[in-house]
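Asker: Quick one: this structure, given as structure tokens, is what I'll be asking you about.
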Amino acid sequence: MSFARTKIQPPRQRAGLIARPALERALAQALAGQRLTLISAPAGFGKTAALTRQLERLPAGTALAWVSLDEGDDLPLLLECLFAALEPFDLPWRIDPDSLAMSAGGTRSERAAVAHELINTLVATDAPRGLIVLDDLHRSADAPLFEFLDLLAERLPSAWGVVIATRLDPPLSLSRWRAAGELAEFRQADLCFDQGEVLQLGATLDGQAGHALTGADAELLLARTGGWAAGLRLALTTALAERGQAQGIDWARAGQRMDRHLFDYLADEVLREMPGELREFLLRCSVLPELSATRCAAVSGDALAAQRLGEIERRELFVSVLDGPERTLRLHDLFRDFLDERLKREHAHELPELLRRAASGEADPLRRITYLVRAQDWQEAEQALADEGAELLTGGAVDAVVRLIELFPQAVREASASVQLLRGLAAWARWDWSTMNEAMQRAAALSRDAVQHQLARAYTAVALSGVGQRAQARELLHTLREEPLQGQPLLITLLLEAWAAFDDSRFADLAPLFRRQLEQLERTDSIALWYQCMPVPPYLALPGMRELLQRYVDGALARAAATPSTLRALALGLQGGLLVWAGRPDDALAVLAEAERDARWLGRPLNVSSMVYGQIAFAHTLRGDTEAARSAGKVHLEQNRSLGDRPGMLRLSFTAYCAARMALARGDDDEARAMLAMVEEEAQRGERPALVVTRRALPGYRALLAGDMQGAIDAFERALEEADRIDLFGHASELRVRLALCLAEAGRVTDAAQRLAPVFQRHRDNVEITPVLLAGPRVLQALAATDWGTALAAEDGALLAQWTSLGASLRGTPTAQAAKPAGRDDGPLSAREAEVLERIAAGDSNKLIARAFDLSPHTVKRHVANILDKIGVASRGQAAAWWRQQH
């Protein structure tokens, strides 16, 4: 969790609140049935007090998710808080909520997808009524956040409502909801106290002192405050303390309207009446947004912090009380601003140290770095950013890192090598190569540390390669080669060496280079570095790569957590790919099913989809399952289309080319034509050269589909002149097999046998046999039935027959199923999933299930998602009913 837990804790109803029947009835009615409830009024009008009073009276079983917003909060952070606040209600998530929160800061389509997923999850939640409460929404100025709220409100299930407390009307479609009768509004006029309520408040504050207010007093207060709750409370507190035995209220400013300056004047009166030690304690602790004994003791150095907080609560100052294991008070904004100003005036020399102390005990990285920035402790703030940022990026929280970077003044950001380095890594995570290039070049120019300087330049070369400036990347790589390198700079340089070999189609050089990279990588347990050095899918089936890729998979899985993560999903996808290219599609699909579940749970990030769904499509192609292969291939195609950027279109061309190859293998000629129509024959600016070279056979495929046999022969022959350079995903072997059939059918049997000779040599031991099988069963069957005479050696003919038989046997075979315990049939569920579902049916919460099986709550949520997917239901209640029906 990258935020303070207090952000999702609603305040308790404070003592001394008076009954306001009319307001309470109207608010209760709105909370019970309205889609959207808006409480909009300036500071101090009692928005939160009125709301919390009604929330404590909600019917049993109501699901309540409370989020208090802070300055600078954006949509990803809001969602992170919201999903954590919903945690106790065991929502049936189908995608990891953390991944959803991380993906919401991008495009409108991504936000719409997140809203859609949240809405579907709320629909399937077993709660009679649910409320999402957003307090202090005015503190956020994040446009995507308000866009998301509009999307959410538009499709919100009838059982759920959104409640907003704010000082300013948010930029939402309020007029539309108002016209539809879906909006309940409470504004300043609704929240103002009337004379009777002023008298009640005075009696409550006066207690047993016997100085009850008169009607004239109440009128004077109303004239002075305009019914403003904060002003009334302070005015009454001050007046009743000073009045003594005097009759009536004698104020010098009687009748003057209360404003912020008068509030500060009265607050000063309250502060002056405090015992000195309590006053100093409160001033020093005002740097904290919430006051707990532990935090206050650390900041103030006062060992009596718990006692002081009890006295503050007893005095009914402007604080809210939060539920939790330790008494925690939240200062009202007006009062905290007043205290902050007074602290700067009286103890300015202490403020930097107080802020550093506050930072040292703060778990929320945003707040911790904010304290250090306020203290202008740039060195410590930069170090905290580096410590937090690296871990957050590894977990995928890119938007959180960007928020942390933006806390620094621009001049500090632009002068810090470490900040620019982290900014560049955040851009890499988004495949924003231009920003990465600019940030890494700036980091290199600013670096005074030799290792950091090398690392920034290595990352610059990565960015240059990403934007298609490969000549500049090679020049920088050449310079780095001349320097003594070790550690992380060496590893990233080796990564670049392998990329360069791949881009140049020097596939024979790739294995030795990747081996050096892997040997260096195996010396570290850094998840971030293992992730950065992930092999790309086209490395599969390249010469000499099989053993090395298996080593990478073993190392990555040994270091990745057992729960879904990007690294784990990629490694599982790579493992599945190794099985695919070994001609073991059923075994591959068993592994890829787990990788796909991880991919869906993570929200299908593009790099994971590229690895996982492509291999699933190849596996289903080997099995002849046209619809499953199309469906898997469509995921990646649609993702690149939806991005709409140039890199996405370039990836789309290569992906479509691979999809066409698979369609031909399945005998799906119409699909092959459709895919080939999406492929650019000529190189596009910025496209990786290796992906262009492999398309040399494109005219041959088109001729083949048009029935032009000689055109296909000529085009395939030309493409195979560079067989070693076009051999991505076993392309050279597949083309040789297709070419051989074309030649054999043209009566050129001897030429056909010659074209098959390299295929027999490479695949004689059935190692990575899939390139041969991708020619398709009908091609292999036709070749096996050819009268070869003496053109083909007997052993080669037998091998060809063996391949033909293997290709036929794989089509339509049942996929592998996980073993079930003897004597028990739980359908598609694994043993652990069956145990979890049994607990769900017994009424256990996720927390209880996690405790029973010694699992993390995250793992339990993942099991629940798998269960819902496998048995085809939407909610935990439906899953429990399925279990009871089965047992």
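The values are calculated or read from the model by the stated rules, or taken from the named source; none is laboratory data. Just so it is clear, the structure is predicted and the values come from calculations on it, not from any experiment. With ideal geometry, Cβ positions are generated from the backbone for all residues, glycine too; neighbour counts draw on all protein chains shown. These area figures cover heavy atoms from the full protein model, side chains too; ligands, DNA and RNA do not enter into them. Shrake-Rupley method; radii C 1.70, N 1.55, O 1.52, S 1.80 Å.
Asker: If you scan segment 730-772, which residues turn out to be open to solvent by 10 Å² or more (accessible area, probe 1.4 Å), under 45 Å from the mean Cα position of the chain (by Cα) and modelled with pLDDT under 95?
Answerer: Scanning segment 730-772 gives ARG762, ASP765, ASN766, VAL767, GLU768.
Asker: So, in segment 85-100, of the ones that are charged (D, E, K, R) and open to solvent by less than 30 Å² (accessible area, probe 1.4 Å), which residue ends up farthest from HIS116 (Cα to Cα)? If you could, list the steps in order and put the result at the bottom.
Answerer: Initially, segment 85-100 is screened for residues charged (D, E, K, R), giving 87, 90, 94, 96, 98.
Retained after the next criterion (residues that are open to solvent by less than 30 Å² (accessible area, probe 1.4 Å)): 90, 96.
On the way: ASP90: 18, ASP96: 14 Å.
Checked segment 85-100; the qualifying residue farthest from HIS116 (Cα to Cα) is ASP90.
Asker: Being hydrophobic (A, V, I, L, M, F, W, C), within 20 Å of CYS658 (Cβ to Cβ) and out of contact with any Gly (no Cβ under 9 Å at 6 or more places or on another chain) is the filter here; which residues of segment 579-621 pass it?
Answerer: Within segment 579-621, LEU579, VAL580, ALA582 qualify.
Asker: Here's another thing I want to ask about it. Considering each of LEU529, LEU548, LEU496 in turn, give the residue that is open to solvent by less than 50 Å² (accessible area, probe 1.4 Å), modelled with pLDDT of 95 or more and either assigned to a helix (DSSP H, G or I) or farther than 29 Å from HIS763 by Cα (or both). Full working, then the answer.
Answerer: Working: LEU529 fails: modelled with pLDDT of 95 or more; LEU496 fails: modelled with pLDDT of 95 or more.
When all the criteria are applied, what remains is LEU548.
Asker: Any chance segment 617-625 includes a residue that's in contact with a Phe, Trp or Tyr (Cβ under 9 Å, 6 or more places away or on another chain), closer than 24 Å to PRO689 by Cβ, at pLDDT 95 or above and open to solvent by less than 20 Å² (accessible area, probe 1.4 Å)? Write out each step before concluding.
Answerer: Of all residues in segment 617-625, those in contact with a Phe, Trp or Tyr (Cβ under 9 Å, 6 or more places away or on another chain) come to 618.
Right, trim to closer than 24 Å to PRO689 by Cβ and you get 618.
Then keep just the ones that are at pLDDT 95 or above; that gives 618.
Subsequent filtering for residues that are open to solvent by less than 20 Å² (accessible area, probe 1.4 Å) retains 618.
Yes; the residues of segment 617-625 include at least one that is in contact with a Phe, Trp or Tyr (Cβ under 9 Å, 6 or more places away or on another chain), closer than 24 Å to PRO689 by Cβ, at pLDDT 95 or above and open to solvent by less than 20 Å² (accessible area, probe 1.4 Å).
Asker: Restricting to segment 50-71, name every residue that is more than 17 Å from ASP337 (Cβ to Cβ), of a type outside the set (Phe, Trp, Tyr) and crowded, with 18+ Cβ neighbours inside 10 Å.
Answerer: Step one: of segment 50-71, the residues more than 17 Å from ASP337 (Cβ to Cβ) are 50-67.
Those left that are additionally of a type outside the set (Phe, Trp, Tyr): 50-65, 67.
Answer for segment 50-71, where residues must be more than 17 Å from ASP337 (Cβ to Cβ), of a type outside the set (Phe, Trp, Tyr) and crowded, with 18+ Cβ neighbours inside 10 Å: ALA50, LEU51, THR52, ARG53, GLN54, LEU55, ALA63, LEU64, ALA65, VAL67.
Asker: Could you grab the pairs with beta carbons closer than 8 Å, sequence gap of 6+ or different chains, first residue in segment 206-225 and closer than 16 Å to PHE193 by Cα and of a type in the set (A, V, I, L, M, F, W, C), second one in a helix (DSSP H, G or I) and modelled with pLDDT under 70?
Answerer: LEU213/ASP206
Asker: With respect to ASP96, is the statement that it is closer than 30 Å to ALA874 by Cα and modelled with pLDDT under 90 true? Lay out the reasoning, then the answer.
Answerer: Numbers: closer than 30 Å to ALA874 by Cα: yes; modelled with pLDDT under 90: yes.
Taking the combined requirement at face value, the residue satisfies it.
Asker: Just need a number here: residues in segment 102-128 that are open to solvent by 40 Å² or more (accessible area, probe 1.4 Å), under 17 Å from GLU87 (Cα atoms) and small (Gly, Ala, Ser).
Answerer: Final tally of qualifying residues: 0.
A quick yes/no check of all residues on (1) in contact with a helix residue (DSSP H, G or I) (Cβ under 8 Å, 6 or more places away or on another chain); (2) outside any helix (DSSP H, G or I); (3) within 20 Å of LEU496 (Cα to Cα); (4) in contact (Cβ under 8 Å) with a residue 24 or more places away in the chain:
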position: ALA541; (1), (2), (3), (4): yes, yes, no, yes
position: TYR552; (1), (2), (3), (4): yes, no, yes, yes
position: ALA558; (1), (2), (3), (4): no, no, no, no
position: GLY573; (1), (2), (3), (4): yes, no, no, yes
position: VAL580; (1), (2), (3), (4): yes, no, no, yes
position: TYR613; (1), (2), (3), (4): yes, no, no, no
position: THR621; (1), (2), (3), (4): yes, no, no, yes
position: GLY624; (1), (2), (3), (4): yes, yes, no, yes
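Asker: Given the criteria aliphatic (A, V, I, L, M) and touching a residue at least 40 places away in the same chain (Cβ under 8 Å), does ALA306 qualify?
Answerer: Values: aliphatic (A, V, I, L, M): yes; touching a residue at least 40 places away in the same chain (Cβ under 8 Å): no.
No: the conditions fail for ALA306.
Asker: OK, next. Just to check your reading of the model, which residue among GLU475, GLU414, GLU483 is assigned to a helix (DSSP H, G or I), of a type outside the set (Val, Ile, Thr), touching a helix residue (DSSP H, G or I) at 6+ places or on another chain (Cβ under 8 Å) and more than 25 Å from LEU606 (Cα to Cα)? First the steps, then the outcome.
Answerer: On the way: GLU475 fails: touching a helix residue (DSSP H, G or I) at 6+ places or on another chain (Cβ under 8 Å); GLU483 fails: assigned to a helix (DSSP H, G or I).
Being assigned to a helix (DSSP H, G or I), of a type outside the set (Val, Ile, Thr), touching a helix residue (DSSP H, G or I) at 6+ places or on another chain (Cβ under 8 Å) and more than 25 Å from LEU606 (Cα to Cα) holds for just one of GLU475, GLU414, GLU483, which is GLU414.
Asker: Now for a different question. Being free of Cβ contacts under 8 Å to residues at least 12 places away in the same chain and surrounded by fewer than 24 Cβ atoms within 10 Å (Cβ to Cβ): is that true of ARG584 here?
Answerer: Working: free of Cβ contacts under 8 Å to residues at least 12 places away in the same chain: yes; surrounded by fewer than 24 Cβ atoms within 10 Å (Cβ to Cβ): yes.
Against the criterion (free of Cβ contacts under 8 Å to residues at least 12 places away in the same chain and surrounded by fewer than 24 Cβ atoms within 10 Å (Cβ to Cβ)), ARG584 qualifies.
Asker: Between residues in segment 27-45 that are closer than 29 Å to PHE335 by Cα and residues that are assigned to a loop (DSSP other than H, G, I, E, B) and at pLDDT below 85, which pairs lie under 7 Å by C-beta distance while being six or more apart or on different chains?
Answerer: GLY44/TRP228; PHE45/TRP228
Asker: Does at least one position in segment 753-760 carry a residue that is within 28 Å of ASP625 (Cβ to Cβ) and part of a helix (DSSP H, G or I)? Break it down stepwise before answering.
Answerer: So in segment 753-760, the residues within 28 Å of ASP625 (Cβ to Cβ) come out as 756, 759.
In the following step, the residues that additionally are part of a helix (DSSP H, G or I) were identified as 756, 759.
Yes, there is a match, as at least one residue in segment 753-760 is within 28 Å of ASP625 (Cβ to Cβ) and part of a helix (DSSP H, G or I).
Asker: Is it the case that segment 500-521 has a residue that's of a type in the set (Ser, Thr, Tyr) and in a helix (DSSP H, G or I)?
Answerer: To start, the set of residues in segment 500-521 that are of a type in the set (Ser, Thr, Tyr) comprises 505.
Right, trim to in a helix (DSSP H, G or I) and you get none.
For segment 500-521, residues of a type in the set (Ser, Thr, Tyr) and in a helix (DSSP H, G or I): absent.
Asker: Are there any pairs with C-beta distances below 9 angstrom linking a residue in segment 278-301 that is farther than 19 Å from GLU346 by Cα and in contact (Cβ under 8 Å) with a residue 24 or more places away in the chain to a residue that is open to solvent by less than 20 Å² (accessible area, probe 1.4 Å) and in a loop (DSSP other than H, G, I, E, B), with the two at least 6 apart or on different chains, and if so which?
Answerer: Cβ pairs passing all conditions: PRO289/ALA4; GLU290/ALA4; ARG295/LEU288; ARG295/GLU362.
Asker: PRO535 passes all but one of (1) of a type outside the set (A, V, I, L, M, F, W, C); (2) buried (at least 18 other Cβ atoms within 10 Å of the Cβ); (3) part of a helix (DSSP H, G or I); which number fails?
Answerer: (3)
Asker: Would you mind telling me which numbered condition in (1) open to solvent by less than 70 Å² (accessible area, probe 1.4 Å); (2) of a type outside the set (Asp, Glu); (3) in a loop (DSSP other than H, G, I, E, B); (4) at pLDDT 55 or above LEU221 fails?
Answerer: For LEU221, the exception is condition (3).
Yes/no per residue for (1) closer than 19 Å to ALA656 by Cα; (2) surrounded by fewer than 19 Cβ atoms within 10 Å (Cβ to Cβ):
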| site | (1), (2) |
| --- | --- |
| GLN684 | yes, yes |
| ALA690 | yes, no |
| THR694 | yes, no |
| GLY700 | yes, no |
| LEU704 | yes, no |
| GLY707 | no, yes |
| ASP714 | no, yes |
| GLU722 | no, yes |
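Asker: Among (1) out of contact with any helix residue (DSSP H, G or I) (no Cβ under 6 Å at 6 or more places or on another chain); (2) modelled with pLDDT of 95 or more, where does SER631 come up short?
Answerer: Condition not satisfied by SER631: (2).
Asker: Mind checking which pairs have a first residue in segment 83-96 that is at positive phi and assigned to a loop (DSSP other than H, G, I, E, B) and a second that is open to solvent by 10 Å² or more (accessible area, probe 1.4 Å) and among the hydrophobic types (A, V, I, L, M, F, W, C), Cβ under 9 Å, 6 or more apart or different chains?
Answerer: ASP90/ILE840
Asker: Also, quick follow-up: Output the residues belonging to segment 852-887 that are over 16 Å from ASP90 (Cα atoms), surrounded by 14 or more Cβ atoms within 10 Å (Cβ to Cβ) and basic (Lys, Arg).
Answerer: Once the filter is applied, which keeps residues that are over 16 Å from ASP90 (Cα atoms), surrounded by 14 or more Cβ atoms within 10 Å (Cβ to Cβ) and basic (Lys, Arg), segment 852-887 yields only LYS870.
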